[in-house]
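Working notes, structure below.
The values are calculated or read from the model by the stated rules, or taken from the named source; none is laboratory data. Keep in mind that this is a model prediction, so the values were computed, not measured. So basically every Cβ, Gly included, is an ideal-geometry build from the backbone, and we count neighbours across all protein chains shown. The accessibility values were calculated without ligands, DNA or RNA, using every heavy atom of the protein model including side chains. Shrake-Rupley method; radii C 1.70, N 1.55, O 1.52, S 1.80 Å.
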Amino acid sequence: MRHGDRAERLAPGILDAGEQRRAEGFAASADRRCYVAAHVALRILLGARLGVEPRDVTMVREPCPSCGDPHGRPATEGGVHFSLSHSRDLSLLAFAAVPLGVDVEAVPGIEAAAEIGAMLHPAESRELAALPASDRPVAFARAWTRKEAYLKGEGIGLARDLSLDHLGTGPVPRPGPAGWTVADVLVPAGYAAAVAVRAAGQPPVADGHRRK
């Protein structure tokens with residue numbers, strides 16, 4: 001984590017009490033440093049966009065599209081939409097005037113890719129099965145990050161069935177779900193990342209049934 005030391009020095013004056021408690025709850029110091037750096041950066045960048053001090057940024061949870069409870073997409077009281085993801089020592093942040101989601105993940109091992117890959121859209125599972133075993137982890141990571149970026153943007157997260165949306169495992173994403181643009185993000189080798197952005201005025205998705 002390139003800015004970990006500086007972020008930890010700034011954290012007491014920027015992070016709120018809840019964020020500091022969550023940071024202290026990480027057993028691994030590397031995970032704590034990544035969390036702190038990501039959330040310090042998030043508050044600094046949101047503060048700049050909202051015209052307030054980083055420590056004064058108020059973040060809320062929007063209603064969940066599935067149940068209506070306040071555990072949906074994170075948001076600000078100032079109208080700036082954002083998304084944050086971190087994996088190992090890499091963080092990814094995005095900001096927009098419309099809802100969006102990002103995800104970054106370390107490429108998993110062959111066994112993990114095979115186990116979780118079976119839970120994806122049937123077409124994605126078939127795409128993975130057609131590849132040599134050594135190529136499946138990277139292809140799986142592409143599909144997973146595209147899918148999770150979209151679901152985070154919707155505010156549903158992994159509560160939505162992973163088999164519903166076909167975003168593809170290939171080098172170029174398939175066209176996103178209606179009203180959404182999904183794109184890969186260039187990250188260092190060993191990682192995959194994606195961003196999903198909702199078109200202005202597009203209503204949130206309702207949960208549905210498995211698609212073949």
Practice task
Please specify each residue of the stretch 4-50 satisfying the condition of being open to solvent by 30 Å² or more (accessible area, probe 1.4 Å) and either touching a Cys at 6+ places or on another chain (Cβ under 9 Å) or of a type in the set (S, T, N, Q) (or both).
Solution key: Gln20, Phe26, Ser29
Exercise for the section: Could you look through the stretch 109-128, keep only residues that are without any contact (Cβ under 8 Å) to a residue 40 or more places away in the chain and not in a helix (DSSP H, G or I), and pick out the one that is least open to solvent (accessible area, probe 1.4 Å)? Expected result: Gly109
Handout entry: Residues satisfying the stated conditions in the stretch 57-108, i.e. surrounded by 19 or more Cβ atoms within 10 Å (Cβ to Cβ), under 17 Å from Pro188 (Cβ atoms) and among the charged types (D, E, K, R)
Key = Asp103, Glu105
Practice task
Hey, can you tell me all the residues within the stretch 129-138 that are assigned to a helix (DSSP H, G or I) and more than 9 Å from Val107 (Cα to Cα)?
Solution key: Ala129, Ala133, Ser134, Asp135, Arg136
Problem - Out of Ala133, Ala183, sole residue that is free of Cβ contacts under 8 Å to residues at least 24 places away in the same chain and in contact with a strand residue (DSSP E or B) (Cβ under 9 Å, 6 or more places away or on another chain) - result: Ala183
Problem - All strands (runs of 3 or more DSSP E) inside the stretch 1-108 with 3 or more residues being small (Gly, Ala, Ser) - result: 81-87, 90-96
Completion exercise
Here the residues within the stretch 177-212 that are of a type in the set (Val, Ile, Thr) and either out of contact with any Phe, Trp or Tyr (no Cβ under 8 Å at 6 or more places or on another chain) or modelled with pLDDT under 95 (or both) are Thr181, Val185, Val187, Val195, Val205
Handout entry: Enumeration of residues in the stretch 63-83 that are at pLDDT 85 or above and farther than 14 Å from Gly101 by Cα
Key = Thr76
Practice task
Scan the stretch 129-156 for residues that are under 19 Å from the mean Cα position of the chain (by Cα) and open to solvent by 20 Å² or more (accessible area, probe 1.4 Å) and jot them down.
Solution key: Val138, Arg142, Trp144, Glu148, Lys152
Practice task
Check whether at least one residue in the stretch 162-171 is open to solvent by 40 Å² or more (accessible area, probe 1.4 Å) and over 15 Å from Ser83 (Cβ atoms), and report yes or no.
Solution key: yes
